[in-house]
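**Q** Handing you a structure now.
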């Protein structure tokens, strides 16, 4: 067992992270984009997209729980995790990366894309631009009407613009915090993610993300969400301060008032950290319905 994992971790979590993924890469517009993959490549594709300043391993304890029916993949978006940095970033470029990874994964048909926070915004852009090549899109606590929490933190310079550099790995890990700040009882998950979020440089231990990541990156995405032409659903954390009920209602209107909006009980913004099994159950249920029902397509 990894030293990063507490002895108090539940068995399901230990089994999930013991299911180590294959690591692959592809070059997209000059940047090497790395991704993780689990399961039988002949099964339908389920592609997970992480949030801002995060990485593919935010899904390493979630993706293996879907491999009975899916070939699961988690991307490191450029500027984050183990992928290369760029001079500039955009939703459009990240959407290109998502589709390049989908193509490289050789799914037998159009995949479902699931994105959290910034990753949900990238999922909206992907579904708006490449909807005919997707089987569905799931947006997880990603606001359209208000700024993303990562973007807001970036503007204040509190969390991302000036990342610290620390003498030891342990010191760096002690500074890991969720953004926006929130309680999370599942410290074994937070500790696991923190351990995957840092690397050693010539100056010391620091975070993997590019501190220039959020400069001029974000778009409103109103038109993109309204123009999505594939199945779409939204999950929110019932206690989230990022997607409040009025924001969820606004997004429901943009989606044509036909797409499910599912609130996960006792979850804050970081839904899959707070209530991982409730999130998995909800997503499994949604995907099972999508397998045998006919999607609604706007005129």
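The values are calculated or read from the model by the stated rules, or taken from the named source; none is laboratory data. Computed from a predicted model, the values in this text were never measured in an experiment. Counting neighbours? That spans all protein chains shown, and the Cβs are built from the backbone with ideal geometry, glycine included.
**Q** Among 119, 115, which is the only one that is in a helix (DSSP H, G or I), crowded, with 24+ Cβ neighbours inside 10 Å and in contact (Cβ under 8 Å) with a residue 40 or more places away in the chain?
**A** 119
**Q** Please indicate, with yes or no, whether at least one residue in region 226-248 is outside any helix (DSSP H, G or I), touching a helix residue (DSSP H, G or I) at 6+ places or on another chain (Cβ under 6 Å), without any contact (Cβ under 8 Å) to a residue 40 or more places away in the chain and closer than 27 Å to residue 135 by Cβ.
**A** Taking every residue of region 226-248 in turn, none turns out to be outside any helix (DSSP H, G or I), touching a helix residue (DSSP H, G or I) at 6+ places or on another chain (Cβ under 6 Å), without any contact (Cβ under 8 Å) to a residue 40 or more places away in the chain and closer than 27 Å to residue 135 by Cβ.
**Q** Of the residues 79, 51, which is buried (at least 20 other Cβ atoms within 10 Å of the Cβ), in a loop (DSSP other than H, G, I, E, B), at pLDDT 95 or above and in contact with a helix residue (DSSP H, G or I) (Cβ under 6 Å, 6 or more places away or on another chain)?
**A** Of the residues listed, the single one that is buried (at least 20 other Cβ atoms within 10 Å of the Cβ), in a loop (DSSP other than H, G, I, E, B), at pLDDT 95 or above and in contact with a helix residue (DSSP H, G or I) (Cβ under 6 Å, 6 or more places away or on another chain) is 51.
**Q** Which of the residues that make up region 219-230 are within 18 Å of the chain's Cα centre (by Cα) and buried (at least 20 other Cβ atoms within 10 Å of the Cβ)?
**A** Passing the criteria: 221, 225.
**Q** Follow-up question, since we're still on this one. Which residue, of 98, 138, is in contact (Cβ under 8 Å) with a residue 24 or more places away in the chain and either surrounded by fewer than 24 Cβ atoms within 10 Å (Cβ to Cβ) or part of a strand (DSSP E or B) (or both)?
**A** Only one candidate passes the filter, namely 138.
**Q** Right, next: What do you reckon, is residue 275 at pLDDT below 95 and surrounded by 14 or more Cβ atoms within 10 Å (Cβ to Cβ)?
**A** When the stated conditions are applied, residue 275 does not pass them.
**Q** Scan (1) assigned to a loop (DSSP other than H, G, I, E, B); (2) at pLDDT 95 or above; (3) more than 15 Å from residue 138 (Cβ to Cβ) for the single condition residue 88 breaks and write down its number.
**A** With (1) assigned to a loop (DSSP other than H, G, I, E, B); (2) at pLDDT 95 or above; (3) more than 15 Å from residue 138 (Cβ to Cβ) applied to residue 88, the lone miss is (2).
A quick yes/no check of all residues on (1) out of contact with any strand residue (DSSP E or B) (no Cβ under 7 Å at 6 or more places or on another chain); (2) modelled with pLDDT under 95:
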{"position": "104", "(1), (2)": "no, no"}
{"position": "122", "(1), (2)": "no, no"}
{"position": "145", "(1), (2)": "yes, yes"}
{"position": "151", "(1), (2)": "yes, yes"}
{"position": "155", "(1), (2)": "yes, yes"}
{"position": "159", "(1), (2)": "yes, yes"}
{"position": "168", "(1), (2)": "no, no"}
{"position": "181", "(1), (2)": "yes, yes"}
{"position": "184", "(1), (2)": "yes, no"}
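**Q** Could you grab the pairs with beta carbons closer than 6 Å, sequence gap of 6+ or different chains, first residue in region 200-225 and touching a residue at least 40 places away in the same chain (Cβ under 8 Å) and at negative phi, second one in a loop (DSSP other than H, G, I, E, B) and surrounded by fewer than 20 Cβ atoms within 10 Å (Cβ to Cβ)?
**A** What qualifies is 206/163; 206/165; 207/163; 210/85; 211/161; 211/163.
**Q** Considering only region 197-218, I want to know if a residue exists there that is in contact with a helix residue (DSSP H, G or I) (Cβ under 9 Å, 6 or more places away or on another chain), modelled with pLDDT of 95 or more, in a loop (DSSP other than H, G, I, E, B) and crowded, with 19+ Cβ neighbours inside 10 Å.
**A** Yes, the conditions are met somewhere in region 197-218.
**Q** Say whether the condition of being part of a loop (DSSP other than H, G, I, E, B), at pLDDT 95 or above, touching a strand residue (DSSP E or B) at 6+ places or on another chain (Cβ under 7 Å) and loosely packed, with under 14 Cβ neighbours inside 10 Å is met by at least one residue in region 12-33.
**A** Scanning region 12-33 turns up no residue that is part of a loop (DSSP other than H, G, I, E, B), at pLDDT 95 or above, touching a strand residue (DSSP E or B) at 6+ places or on another chain (Cβ under 7 Å) and loosely packed, with under 14 Cβ neighbours inside 10 Å.
**Q** Right, residue 185: part of a loop (DSSP other than H, G, I, E, B), in contact (Cβ under 8 Å) with a residue 40 or more places away in the chain and buried (at least 17 other Cβ atoms within 10 Å of the Cβ) or not?
**A** No.
**Q** With outside any loop (DSSP other than H, G, I, E, B) and either touching a residue at least 60 places away in the same chain (Cβ under 8 Å) or surrounded by fewer than 13 Cβ atoms within 10 Å (Cβ to Cβ) (or both) as the only criterion, which of 284, 257 stands out?
**A** Criteria check complete, one pass: 284.
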